[in-house]
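Peer 1: Take this structure, written in structure tokens, and hold onto it; I'll ask about it next.
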Amino acid sequence: MRHFKRYLLPMKTVPAPVIVVSHASALRGIRSARRRYGRLPWRALDEDEQAKVLGSRTTHGDGLDRSLLLREGFTDGDDAIEALVSGDNLRPHTEELSLHVISADLPPGSVMEVAPGVYSVCPALAAIQYAQSHDLYQTIALLMELRGSFSLPEDHAPVAATATPIRPDEDEPSLSYYEGDPVLTGYDMEALLKSVHGINGMGIAARANAIALDGARSPMEAIMAAVFHAPRGAGGFGLSKMLLNHTIEFNEEATKVSGMRKAVCDAYIFPALSTLEYNGSFHDATTRRQHDEKRDMGLSAMGIKTFPLNDQQLRNIEAMEVIAKMVHRRAGGRYNNRTKGYRVKQIALLNGLRCALGLRPC
């Protein structure tokens, strides 16, 4: 792939100044768009467009339309906006702009058009940039969000790992999030990681992408899926063949016993014909409980075992391990965790994900 500098236009034909929002500011804008539109309406640039944009001067001073950037959610009005620039266009940081130099070739689609003169890095590149200043657990949580159908608020901040742990009998607080279409897939993330070289954060992003999954509908589903799916060496339970929010079409017998034509499984492990189901407090309502019972009967008629987990079980690593053992047995395998310090790693993964998504450690 050719470096974008080979596409720089002569000075007299360089386009008007632009801004390519990046890093934390880009993530803020992505979350804002998902909250407002339920999707990401930005347009990915082709190779030539991207080269011209990256070769343009960066907007600054009076040319910086902060009102537009505020409307698009890239800033709360007070913080400096992080932006991507080429080495030729590097200028000192200002109170308005925090600049990052492009240090690698970027494949087409790495930059997206938000509005005339305003661009942003794509979600996959924003995730790599996030990994530059965040740990593995926080990066897994972000990828579960971007690859899922839930989005956290723009001003979301992880809970400190040193926060007071939640008591075993304490109710889990409600997390604020918005529903919308995924803005990234594991395949897209892997493709970008293979296409670029020399960007800090790629190692953590690659590890996180291998653990994260497409399709989580809520932060609690994301925690459940990641812990059971992650390899044992990373603190998980090694249930690798997992599909989130997978639809099972019922046969005639299953339809008769359930009154349903299909069921959606939170975390379907197909070699074990098993599904993990997160039952939050809203499942306690009578109508919801009756729906769950009928769905479980239909799945049972299809030979699929349902393992429901409530909030208390999802912060009890020993209870989760027992469920993992049962699922492994149903898949015809055995669960023997010989990882050194495995319990410490399991607790670190669980609490790391909880804190990253806004919950206190347990």
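Just so it is clear, none of the values below were taken in a lab; they were calculated from the coordinates. These numbers come from a predicted model, not from an experiment. Cβ: placed from backbone, ideal geometry, glycine included. Neighbour counts: every protein chain shown.
Peer 1: How would you order 35-43, 137-145 from highest to lowest mean count of nearby Cβ atoms within 10 Å?
Peer 2: 137-145, 35-43
Peer 1: If you don't mind, there's one more thing I want to ask. For region 306-362 and region 174-196, compute the distance between their C-alpha centroids and round to whole Å.
Peer 2: Between the Cα centres of region 306-362 and region 174-196 lies a distance of 24 Å.
Peer 1: Counting other C-beta atoms within 10 Å, which of V101, V327 has the fewest, and how do the rest follow?
Peer 2: V101, V327
Peer 1: What are the ³J(HN,Hα) values, in whole Hz, obtained from phi via the Karplus relation 6.51 cos²θ - 1.76 cosθ + 1.60 with θ = phi - 60°, for each residue of region 139-149 in sequence order, with x given for Gly and Pro?
Peer 2: For region 139-149, the Karplus curve yields 6, 4, 4, 5, 5, 4, 5, 5, 8, x, 9 Hz.
Peer 1: Please give the net charge around R147, taking every other residue with its beta carbon less than 10 angstrom from that of R147, where Lys and Arg add +1 and Asp and Glu add -1.
Peer 2: Working: positive: none; negative: E145, D188, D214.
So the environment of R147 carries a net charge of -3.
Peer 1: So in the chain, what percent of DSSP beta bridges are antiparallel if you round to the nearest 5?
Peer 2: Numbers: 19 of 33 bridges.
So the antiparallel bridges amount to about 60 percent of the total.
Peer 1: While we're looking at this one, here's another question. Return R71, R34 ranked ascending by Cβ neighbour count within 10 Å, so the fewest neighbours appear first.
Peer 2: Working: R71 13, R34 28.
The fewest-first ordering by Cβ neighbours comes to R71, R34.
Peer 1: Full extension from D65 to T255: what is 0.36 nm times the residue separation minus their Cα-Cα distance, to one decimal in nm? Numbers along the way, then the final one.
Peer 2: On the way: separation 190, 0.36 × 190 = 68.40 nm, distance 5.72 nm.
Net length gain for the segment: 62.7 nm.
Peer 1: Here is a further query. Based only on other Cβ atoms within 10 Å, what is the fewest-to-most ordering of S149, S300?
Peer 2: Numbers: S149 22, S300 14.
Listed from fewest to most nearby Cβ atoms, that is S300, S149.
Peer 1: Next up: Show which lysines lie in cross-link reach of K325 when reach means a straight Cα distance below 30 angstrom and same-chain residues fewer than eight apart are skipped.
Peer 2: Within the straight-line limit of under 30 Å, K325 reaches these lysines: K241, K262, K294, K305, K340, K345.
Peer 1: Let me ask you something else. So, in nm, how far is label T94 from label E293 when the simple model puts each one 7 Å beyond its Cα toward the Cβ?
Peer 2: So the two model labels end up 6.6 nm from each other.
Peer 1: Quick one: which residues, 5+ away or cross-chain, put their amide H under 5 Å from the amide H of L97? H built at 1.01 Å from N.
Peer 2: I81
Peer 1: Quick one: what Rg and Dmax do you get for region 24-178 from the alpha carbons, in Å?
Peer 2: 17.1, 58
Peer 1: Would you pull out the residues with amide H under 5 Å of A267's amide H, same chain only if 5 or more places away, H placed 1.01 Å from N?
Peer 2: For A267, the qualifying residues are N245, L276.
Peer 1: How far, in degrees from 0 to 90, does helix 202-211 lean away from the longest principal axis of the Cα atoms of the chain, to the nearest 10?
Peer 2: Between the helix axis and the principal axis of the chain, the angle is about 30 degrees.
Peer 1: So what's the back-of-envelope 222 nm ellipticity for the chain, counting only DSSP H runs of four-plus at -39500 (n - 2.57) apiece and dividing by all residues, rounded to 500?
Peer 2: Working: 12 runs with 132 residues, N = 362.
When only DSSP H runs of four or more count, the value is -11000 deg cm²/dmol.
Peer 1: In addition: Within 12 Å, Cβ to Cβ, of A324, how many net charges do the neighbouring residues add up to if Lys/Arg are +1 and Asp/Glu are -1? Before the final figure, lay out each step's value.
Peer 2: Numbers: positive: R232, K325, R329, R330, R334; negative: E318, E321.
In short, +3.
Peer 1: Please report, to two decimal places, log10 I(q)/I(0) for region 129-356 at q = 0.14, 0.15, 0.18 Å⁻¹ as given by the Debye formula with identical point scatterers on the Cα atoms and no solvent.
Peer 2: Normalising to I(0) and taking log10 leaves -0.93, -1.06, -1.47.
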